[in-house]
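The numbers here are math on the coordinates, done by the rules we state, and not lab data. Please read all numbers here as calculations on a predicted model, not as lab measurements. FYI the Cβ positions are ideal-geometry reconstructions off the backbone, even for glycines, and counts take in every protein chain you see.
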Amino acid sequence: MNDLSKRNGVIYALITACGLGAITTLAKIFYADGGNALTLMLTRTLVSTLVFGLLLLAKRSSFKVESAQRIPLIALGIFWSGGMICYLVAVETITVSIAVLIFYFYPLLVLVYSIVSRQLAASVPLISLFVGAFTGLYLALSGGEVSVDINGILFAVLASCGAAFTFVCGARVATVVSPLLMTFWINAIGLLLILPLMIDALAKPESWQGIFALGTATLCYLVAILSQFQALARLTAARAAFLLNLEPVVSILLAYLVLSETLSILQACGVVLVLTAIILSLRFKPASA
C-alpha cells in the first residue's frame, strides 16, 4: 500500500475519532433534554442504514456480499453493535470515566493480537507509544467520585473486546468489501439487535436543543462510522485503533469548551500526553514481524 493511501487512512482515522468524540458531548445535551442512550443508538443506526442504503442505490451498487465475507461481516455487525450496547450498560452502572478507561484498553488488545499473529514486530518504541497513550487517558479521565460494580466492569470489558474484534476483523474485510457496503450491513445488523431493546425505551427530547443535539450526533456518527472503515481499508488494525485514542480527548476538550466542565492540571497533562503520543506515531513506522 502506497504512502498516499496510508496518509489518507490516517486522516480518515482522525476524522473518526473527532466524530465519535463529538457524539459524547452532544449526547449529554440530548440526555439533559429528556433523551436516553437507546434512543440515540436507534436513531443513528436507523438513519445510517437508510442513508448508506440510498447511497448504494444511487451508485447502482450491489447489496450482495461474497459468500466468503458474509460470516465475518455478520460477526462485525454483532460485535460492533453488541459492544456499544454493553458500553451503554456499563456507563449506567459504573463511573463513566472508569467505563471509558476500560473500554479504551482495546487498542492494547489489538496491539497484542498484531504482535502474536506476527503482523507487527514487538519493539520498545511501539509498545511505549501504546502504553503512553493509555497512561495519558488514565490521567485525563482521573478525578471525581468513583462508582464500581462488578457487572458494570464486566460489560465494559465485553465492550472493549467487541471494539478490538471490530478493528481486527474490519481491517481484513475492508480490503475486499467496499467500506460503504460494509457500513450499510453493519448498521443494518445493529438495527436488528437494537429494535427488541426499544420496547418502552423510546425517549423524546423536550426542546429544539435536544432535537438539534440528536440530529448533529447522528450526522457525526454517519461521518465517523464510514470514515472508520475507510481507515481500516488503508491502515493496519493496530495503527487505526491507536489513532482512535484521540476520541476521548476530543470528548474531554469539547465538554470543557461547550459544557463548561472543569479540567484539572492532571487531566490537562493526560490530554497533552495522548496528543504527543499520537503526533509521534505519525512519524513512527513499526516493523513487520
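Observations
- When the Cα convex hull of segment 31-126 is projected onto planes of every orientation, the mean area is 10.0 nm².
- Distance from the Cα centroid of segment 115-186 to that of segment 224-247 is 10 Å (rounded to whole angstrom).
- Tensor-based shape of segment 91-250 (alpha-carbon gyration tensor, a/c under 1.5 rounded, otherwise prolate or oblate): oblate
- Residue-by-residue Karplus 3J(HN,Hα) for segment 31-48, coefficients 6.51, -1.76, 1.60, Hz, glycine and proline x: 5, 5, 9, x, x, 9, 5, 5, 5, 5, 5, 4, 4, 5, 6, 5, 5, 4
- As a rough footprinting exposure proxy, the listed residues Val177, Val47, Val124, Val116 were ranked by other beta carbons within 10 Å of their own, and the order from fewest upward is Val124, Val116, Val47, Val177.
- Amide H contacts of Ala203 (H built 1.01 Å from N, in plane; Pro and chain starts excluded): Asn36, Thr39 sit under 5 Å, all sequence-distant by 5 or more or on other chains.
- At full extension, Val176 and Met198 could sit 4.5 nm farther apart than now, given 0.36 nm per residue minus the alpha carbon distance.
- Panel note: the C-alpha atoms of segment 165-288, placed on their principal axes, show extents of 51, 45, 20 Å (largest first).
- Per-residue 3J(HN,Hα) values for segment 198-206, derived from phi via the Karplus relation 6.51 cos²θ - 1.76 cosθ + 1.60 with θ = phi - 60°, read 8, 4, 6, 10, 5, 10, 8, x, 8 Hz in sequence order (x marks Gly and Pro).
- √(5λ) per eigenvalue of the Cα gyration tensor, the chain, largest first, Å: 27, 26, 17
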